[in-house]
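One structure is given here, and the rest of the page talks about it.
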There are 2 protein chains.
Amino acid sequence: MAQLKNDRLLRALRREPVDRTPVWIMRQAGRYLPEYRATRARAGGIMELFRSPELACEVTLQPLDRYDLDAAILFSDILTVPDALGLGLYFEAGEGPRFRNPVRSAADIAALPELDPERDLGYVMDAVRTIVKALDGRVPLIGFSGSPWTLATYMVEGGSTRDFARIKTLAFTDPARMHQLLALLADAVTRYLDAQIRAGAQAVQVFDTWGGVLGHAAYREFSLQYMARIVAGLRAGAGRDIPVILFTKGGGLWIEDIAATGCDCIGLDWTADLGAARRHTGARVALQGNMDPAILRAPPERIRAEVAALLDSFGPGSGHVFNLGHGITPEIDPENVRALVEAVRELSPAYHR
Amino acid sequence: MAQLKNDRLLRALRREPVDRTPVWIMRQAGRYLPEYRATRARAGGIMELFRSPELACEVTLQPLDRYDLDAAILFSDILTVPDALGLGLYFEAGEGPRFRNPVRSAADIAALPELDPERDLGYVMDAVRTIVKALDGRVPLIGFSGSPWTLATYMVEGGSTRDFARIKTLAFTDPARMHQLLALLADAVTRYLDAQIRAGAQAVQVFDTWGGVLGHAAYREFSLQYMARIVAGLRAGAGRDIPVILFTKGGGLWIEDIAATGCDCIGLDWTADLGAARRHTGARVALQGNMDPAILRAPPERIRAEVAALLDSFGPGSGHVFNLGHGITPEIDPENVRALVEAVRELSPAYHR
């Protein structure tokens, strides 16, 4: 593997000194970029895009060619694992992801196979290898997966949901079956991320998009313990020295317990006070985030002021990875993203002297 | 006004000794009750229901006839204030509330009238008087309003929204105009709650349903400061000795600042750790909540275990009002609500000896 020319992200994740705060943006390869929309149109659809290692590589690199970002993130979907387990992922216009075969009964859960990532998700591993080769050490590549709880919500609901009625009914009325599914998913996600690391990913992030819909105790029972299992599993495999970022949307109240999993970094959404989060987690973990993506609707000077406020909130020293608090949305003007990236570049060195 | 026969709620809100933890349920007069559905069908629709003082009284009392609850809450809608300001509230099947005349431009905001609650919302004041008379001191009546920020989201978006794109664009690109609207709404809500108190409401709750979509700093700027203004305004009027409950869904990270408004009680959603919230707010405020409404899908013994866990988390002493962390949903079995209320009644006296 080529030596990294820019290791700012990895250093910040390990809380080692950096010259400036690294920055990347969740969903940075996405619909707000005209070149992404062009590639996607050429591919024919979102599934054709992430199932083609060449096209996935192409869109992964697009934001790096526009902006001075400190990381690439694998272009893929969070639902590749359930798809590989036989659920039949498809996308309905305006409705988001759906599964042809949702998991509802004990028999459905018992029938789920064991995941072999190279066999079942070879297109993802090929994409990782293709991207790492194309990056040639320019910046690190972040691999990722959905968390077991988040994957389970889609698998049980059959798609997106507003009320999480089916999954919560399962969790609260038949916890043993729920745990059976989550344990299976924790094992699959561990294998999946381990395989991404073996293919060349230099950091990994677990997206717990829906952990925040759980109550205080239920989050620990149904989401966090399985992410902890993944962290431990990666440490025992190829990921011994690979930084792990755990991002729970709506998890700001729970960061001390998230830090206790042994992860390297906690991703924060914009409801968290970054400075307070740093004080509460001490020097145990790095923090990633946490600008409201909606601020990118504002003019560049407002964006710059928000970047300044966040850098100031974290304060001097390493351990901060600048990012949004959730994925960038399609209607954002790419020039406003430039304002964000440039503000981090210009304003953050003062915090690293 | 008749002397209260059950003042458990008011005592707990003031953190005075009680014999057991009071309990009421957000949206307790609602679609999960067959008698509510019957009255609503008879009325012809939701707007006919809350605009009729007699029918609003009828449904307000229905849950009290079924369960041993410690409070009634005015049956109304959170969007009565914008409707009275001329926005033209209506309900579309499956779509929730909508406004015929959303507020979008500076001219729209400048044209909003000053609210006179007895003149413009006389049907609500009549409902309060009718209910208080019918209650005859059985339990206190809680009045309520949406928070300025929450009302503004519906007024600017024109209805429900998933991404809050219009309101956030307004807040981040033209904060002066946003503040003009919020100040007007804070004044209107203060008058509205003051009028409910004069009509007989013995406690009031401000529902900040959407404060939690704001970032840490933006919440203080666009939501909390206006709720603080309402608390101060009520203290200067008829509400000098009337307990005020502030409920921000997703506000668990911000309770110390919410307590600093001078409110009597903070409503918590189920993501908060009730015991930790009590420690963080000290003896300054009471706490209300915070069971996940989805637990009501589980069998009675699971509901009872959750009640036990929450009572134990708060611990001994007064200052807890048992409630869900959000409104009860339509598909819940009324017998499961009975299990909740009975569990609070049976298990809570041990914490008040």
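Computed from the coordinates by the stated procedures, all read-outs in this text should not be read as laboratory data. Predicted model only: the values in this text are computed from it and were never measured. We place every Cβ from the backbone using ideal geometry, glycine too, and count neighbours over all the protein chains shown.
Data table
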item	result
FRET efficiency, 1/(1 + (r/R0)^6) with R0 45 Å, evaluated for A:E301 and B:I46 via beta carbons	0.50
Percent antiparallel among DSSP beta bridges (both partners in chain A, rounded to 5)	15
7 Å along Cα→Cβ, label-point gaps from A:E118 to other copies, nm, shortest first	8.2
Extension gain, B:R220 back to B:Q3 (0.36 nm per residue minus Cα-Cα distance, nm)	74.3 nm
Highest to lowest packing among B:199-205, B:177-183, scored as the average C-beta count within 10 Å	B:199-205, B:177-183
The range A:236-353: C-alpha gyration tensor shape, a/c 1.5 cut-off, then a/b vs b/c	prolate
Residue of chain A nearest the A-to-B rotation axis [by Cβ], rounded angstrom distance	A:L253, 3
Cα-based Rg of the range A:8-352 normalised by 2.2 N^0.38 Å, two decimals	0.94
Percent antiparallel among DSSP beta bridges (both partners in the protein assembly as shown, rounded to 5)	15
Backbone HN-Hα couplings from phi across the range A:104-110 [Karplus 6.51/-1.76/1.60, Hz, Gly and Pro as x]	10, 9, 4, 5, 4, 5, 4
Distances in nm from A:K5 to the matching label points in the other copies, shortest first (labels 7 Å along Cα to Cβ)	8.2
Set of lysines near B:K168 by C-alpha distance (under 30 Å), chain-local residues within fewer than 8 positions excluded	A:K249, B:K249
In order through the range A:163-170: 3J(HN,Hα) via Karplus (6.51 cos²θ - 1.76 cosθ + 1.60), integer Hz, x for Gly, Pro	10, 6, 5, 5, 5, 6, 4, 4
The protein assembly as shown: calculated mean residue ellipticity at 222 nm from DSSP helix runs of at least 4, using -39500 (n - 2.57)	-13500 deg cm²/dmol
Footprinting exposure proxy for B:F222, A:F50, B:F247 (fewest neighbouring C-beta atoms within 10 Å first)	A:F50, B:F222, B:F247
Built amide H within the under 5 Å cut-off of A:G146, gap 5+	A:F207
Under 28 Å from the Cα of B:K133 - lysines, other chains or at least 8 residues apart	B:K5
Rounded Å value of the spacing that divides the Cα centres of the range A:212-283 and the range A:87-159	21
Base-10 log of normalised Debye intensity for the protein assembly as shown (one unit scatterer per alpha-carbon) at q = 0.06, 0.07 Å⁻¹	-0.36, -0.49
Burial ordering of A:S160, B:S52, fewest other beta-carbon atoms within 10 Å first	A:S160, B:S52
Prolate/oblate/rounded call for the range A:150-286, Cα gyration tensor, a/c under 1.5 rounded	oblate
Long-range HN-HN contacts of B:G325 with modeled amide H, under 5 Å	B:W270, B:M291, B:D292
For A:T173, inter-copy label distances in nm, listed shortest first [label point 7 Å out on the Cα-Cβ vector]	4.6
GNM top mover of A:E92, A:E58, A:E335 - chain A, alpha-carbon springs below 10 Å	A:E92
Residue order, fewest to most surrounding Cβ atoms within 10 angstrom, among A:T150, B:T248	A:T150, B:T248
Test item: A:271-280 mean partner chain Cβ contacts at 10 Å	3
